[in-house]
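Colleague: Sharing a structure with you now.
The values are calculated or read from the model by the stated rules, or taken from the named source; none is laboratory data. Keep in mind that this is a model prediction, so the values were computed, not measured. Note that each Cβ is placed from the backbone with ideal geometry, even for glycine, and that neighbours are counted across all protein chains shown. Quick note on the areas: whole protein, heavy atoms, side chains included, nothing else; ligands and nucleic acids left out. Shrake-Rupley method; radii C 1.70, N 1.55, O 1.52, S 1.80 Å.
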Amino acid sequence: ELMAGDIFDLLDRRSFDGGAFFHMRTLTFLPKEFIRKLYSAAEKAGFKYIIGYEPLGISRQTKEAYVFSLDQQPSVSYRGHAFIHNYPQLAQEAGYSFIESGLIKTGHAHEDYRIVYFFSKRKGTD
């Protein structure tokens, strides 16, 4: 099902019990507070999983690779107007447990350009 409109209106009015909330290549362009609100809304809407695939590489701000953690840490500038966020901690804060993550090589012209994937499962679900 493809829908257009305000994501928060949709998540507020429908139940997605047992579903998977999926995002890809979008959250690097959104502020951390938006992601925090989005993951919380996904949890309230009943999603069992949060699955993300987001661009990742050497931060242009720190000149280092980002190290994800279950502890809170700042987002850092990635490229241009994009940011690397600590997705596992943000999902955990919204009521999800980390399952798995990894890097996917992309063949991009910049060798540090990868995709990080991660899976989180809602706490208290089978």
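Colleague: Looking at (1) open to solvent by 70 Å² or more (accessible area, probe 1.4 Å); (2) under 18 Å from His108 (Cβ atoms), which one does Ser59 not meet, given that it meets all the others?
Modeller: Result: Ser59 passes all but (1).
So that you can scan it fast, the table gives a plain yes or no per residue for (1) closer than 17 Å to Met24 by Cα; (2) open to solvent by less than 60 Å² (accessible area, probe 1.4 Å); (3) modelled with pLDDT of 90 or more; (4) not hydrophobic (A, V, I, L, M, F, W, C):
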residue: Glu64; (1), (2), (3), (4): no, no, yes, yes
residue: Val67; (1), (2), (3), (4): no, no, yes, no
residue: Leu70; (1), (2), (3), (4): no, no, yes, no
residue: Phe83; (1), (2), (3), (4): yes, no, yes, no
residue: Gln92; (1), (2), (3), (4): no, no, yes, yes
residue: Gly95; (1), (2), (3), (4): no, yes, yes, yes
residue: Phe98; (1), (2), (3), (4): no, no, yes, no
residue: Tyr113; (1), (2), (3), (4): yes, yes, no, yes
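Colleague: Of these, Ala109, Ala82, which one is in contact (Cβ under 8 Å) with a residue 40 or more places away in the chain and either closer than 24 Å to Leu2 by Cβ or small (Gly, Ala, Ser) (or both)?
Modeller: Criteria check complete, one pass: Ala82.
Colleague: Can you find a residue in segment 21-39 that is more than 16 Å from Phe118 (Cα to Cα) and modelled with pLDDT under 95?
Modeller: no
Colleague: Taking the conditions exactly as written (closer than 22 Å to Val116 by Cβ and in contact with a Phe, Trp or Tyr (Cβ under 7 Å, 6 or more places away or on another chain)), does Ile58 satisfy them or not? Don't jump to the end; show me each part of the working.
Modeller: Values: closer than 22 Å to Val116 by Cβ: yes; in contact with a Phe, Trp or Tyr (Cβ under 7 Å, 6 or more places away or on another chain): no.
Considered against the rule, which asks whether it is closer than 22 Å to Val116 by Cβ and in contact with a Phe, Trp or Tyr (Cβ under 7 Å, 6 or more places away or on another chain), Ile58 comes out as no.
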